[in-house]
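What follows is a short report on a single structure.
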Amino acid sequence: MNPDRVISIFRDWGEPAYRGRQLIGEICKGIESYQEVTTLPQGLRDRLGREMPVLSFSPDRVLSSADGSCHKALVSLNKGARIETVLMSPKPGLWSACVSSQAGCALACSFCATGLMGFRKNLTAEEIADQVLFWRQYHRRSKLAGKITNVVYMGMGEPMLNFDAVKESVAWLTSPILYGMAQRSLSISTAGIVPGIDRLTRELGQVNLAVSLHAADDELRGRLVPINRAYPLDALKKALGRYFSKNNRKVFLEYVLLAQENDQTKHAQDLVRWIRRAGPIHLLHVNLIVWNPTATAHQATDRESARLFKEHLISRGIQVTIRKNLGQEIAGACGQLVVGRGTISKKPFNER
Ligand code: SAH
């Protein structure tokens, strides 16, 4: 659903541009076959079906959690690389698509499954936006309740290292003739690529920014999130300063809780100190994520320690939520997306 391509193909075929726009609007609603677009002449529908597949990739399979709140698809891109993409429902009737921006990832965060794959390729804008299209189709076909209201760039890969394609996909998702979503319904998460944060500040000011912090001490963060060596905490803090000087919007700090490693009182104190220097504390919101199992050498923090960590922050006036770990049973939770090496097999999949 690259609108420019559709319109140029229509031009080559001698069809008026308005028909192309009409088609794109219909398809973005989640229609799977051109035959359903009855506003187009039959001959054109047939030709489209033969020459222009609706999706730019082929979905291989979908796994669904037993309670139906999380679905994960394995998808083959047309040049062979594969990715995973997730649809999840944090609240009944509300759905978020969690899209991948790269196949694999170069950043090798020590606790993340995607990092085990290494980097394979940058996705095109079409491959990114088509994950939303795929989930709209799936949502419609499976008659799931409610609507897909949000898109989070929190699947495989580092969105800030594929910024141009990410930005173009945002333009399509927010275009009224395509998906018509608001920038505020979209969130981009970064492991802390400072030039990317600066571009988001300047170019995508209404998109929510999430930063994967995970530690507020350079030595520890450098071990967990190696890109910290290129963009240390101080550089990150300054980037947030530039963000807050332009945008009066909340930034989310993700913090994965790893037993003994970054979940002790000392770590909570470091975090509080860092947050107080990084910006107005009412604009910084901490999302604690209890570590989801991956083939890496870490342990999840227990419930009680997670609660204590949260309380420590709350008592210092910091806003915190513990993120629900949706999709663990299908290895579709944060940090569990992987294809090939690093996959945890022997999982009780409820395969559709
Ligand atoms: N590369 C970007 C986008 C990925 S978002 C980023 O790092 O922000 C995925 C989120 O899940 C990130 O915050 C990541 O650090 C976190 N994560 C990775 N592995 C995890 C795991 N095993 N358990 C919980 N969260 C994890």
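The values are calculated or read from the model by the stated rules, or taken from the named source; none is laboratory data. Since this is a predicted model, take the numbers as computed values, not measurements. Every residue, glycine among them, receives a Cβ derived from its backbone with ideal geometry; neighbour counts consider all protein chains shown.
Taking region 253-301 as the search range and keeping residues that are surrounded by 20 or more Cβ atoms within 10 Å (Cβ to Cβ) and hydroxyl-bearing (Ser, Thr, Tyr), which one is farthest from the ligand (Cβ to nearest atom)?
Among those residues, the one meeting the criterion is 301.
Restricting to region 187-214, and then to whatever is near the ligand (Cβ under 9 Å from one of its atoms) and not aliphatic (A, V, I, L, M), can you tell me which residue is surrounded by the fewest Cβ atoms within 10 Å (Cβ to Cβ)?
189
Need pairs with beta-carbon distance below 6 Å; first residue in contact (Cβ under 8 Å) with a residue 12 or more places away in the chain and within region 1-30, second among the hydroxyl-bearing types (Ser, Thr, Tyr) and part of a loop (DSSP other than H, G, I, E, B); sequence gap 6+ or separate chains.
22/39; 28/179
How many residues are outside any strand (DSSP E or B) and away from the ligand (no atom under 16 Å from the Cβ) if we restrict to region 128-159?
Matching residues across region 128-159 total 17.
Among the candidates 170, 211, 225, 207, single out the residue that is β-branched (Val, Ile, Thr), without any contact (Cβ under 8 Å) to a residue 40 or more places away in the chain and out of contact with any helix residue (DSSP H, G or I) (no Cβ under 6 Å at 6 or more places or on another chain).
After ruling out the rest, the residue left standing is 170.
So residue 15 passes all but one of these: (1) over 34 Å from the mean Cα position of the chain (by Cα); (2) surrounded by fewer than 15 Cβ atoms within 10 Å (Cβ to Cβ). Which condition number does it fail?
(2)
Among (1) within 16 Å of the ligand (Cβ to nearest atom); (2) within 16 Å of the chain's Cα centre (by Cα); (3) more than 24 Å from residue 91 (Cβ to Cβ), there is one condition residue 168 misses while meeting the rest; what is its number?
Checking residue 168 against (1) within 16 Å of the ligand (Cβ to nearest atom); (2) within 16 Å of the chain's Cα centre (by Cα); (3) more than 24 Å from residue 91 (Cβ to Cβ), the one that fails is (1).
Just one of 143, 91, 121, 167 is of a type in the set (Lys, Arg) and modelled with pLDDT under 95; which is it?
Checking each option against the conditions leaves just 91.
Would you say residue 176 is near the ligand (Cβ under 9 Å from one of its atoms) and not aliphatic (A, V, I, L, M)?
no
Could you list, in sequence order, the residues of region 179-207 that are charged (D, E, K, R) and closer than 27 Å to residue 221 by Cα?
198, 199, 202
Within region 174-186, how many residues turn out to be buried (at least 19 other Cβ atoms within 10 Å of the Cβ) and hydrophobic (A, V, I, L, M, F, W, C)?
Within region 174-186, residues that are buried (at least 19 other Cβ atoms within 10 Å of the Cβ) and hydrophobic (A, V, I, L, M, F, W, C) number 3.
Which pairs turn up if I take residues in region 60-73 that are surrounded by fewer than 17 Cβ atoms within 10 Å (Cβ to Cβ) and look for partners that are outside any strand (DSSP E or B) and charged (D, E, K, R) with beta carbon separation below 7 Å, at least 6 apart in sequence or on another chain?
Listed by first residue and then by second, the contacts come to 66/329.
When you go through (1) surrounded by fewer than 20 Cβ atoms within 10 Å (Cβ to Cβ); (2) in contact with a Lys or Arg (Cβ under 7 Å, 6 or more places away or on another chain); (3) over 30 Å from residue 230 (Cβ atoms); (4) in contact (Cβ under 8 Å) with a residue 24 or more places away in the chain one by one for residue 76, which number turns out not to apply?
Unmet for residue 76, out of (1) surrounded by fewer than 20 Cβ atoms within 10 Å (Cβ to Cβ); (2) in contact with a Lys or Arg (Cβ under 7 Å, 6 or more places away or on another chain); (3) over 30 Å from residue 230 (Cβ atoms); (4) in contact (Cβ under 8 Å) with a residue 24 or more places away in the chain: (4).
Please work out which one of (1) assigned to a helix (DSSP H, G or I); (2) within 15 Å of the ligand (Cβ to nearest atom); (3) closer than 30 Å to residue 30 by Cβ is the condition residue 184 fails and give its number.
Residue 184 satisfies all of (1) assigned to a helix (DSSP H, G or I); (2) within 15 Å of the ligand (Cβ to nearest atom); (3) closer than 30 Å to residue 30 by Cβ except (2).
Can you tell me which of (1) farther than 30 Å from residue 97 by Cβ; (2) among the hydroxyl-bearing types (Ser, Thr, Tyr); (3) buried (at least 18 other Cβ atoms within 10 Å of the Cβ) is the one residue 243 doesn't meet?
So residue 243 meets the others, but not (1).
Scan (1) away from the ligand (no atom under 14 Å from the Cβ); (2) farther than 21 Å from residue 179 by Cβ; (3) of a type in the set (Phe, Trp, Tyr) for the single condition residue 111 breaks and write down its number.
Checking residue 111 against (1) away from the ligand (no atom under 14 Å from the Cβ); (2) farther than 21 Å from residue 179 by Cβ; (3) of a type in the set (Phe, Trp, Tyr), the one that fails is (1).
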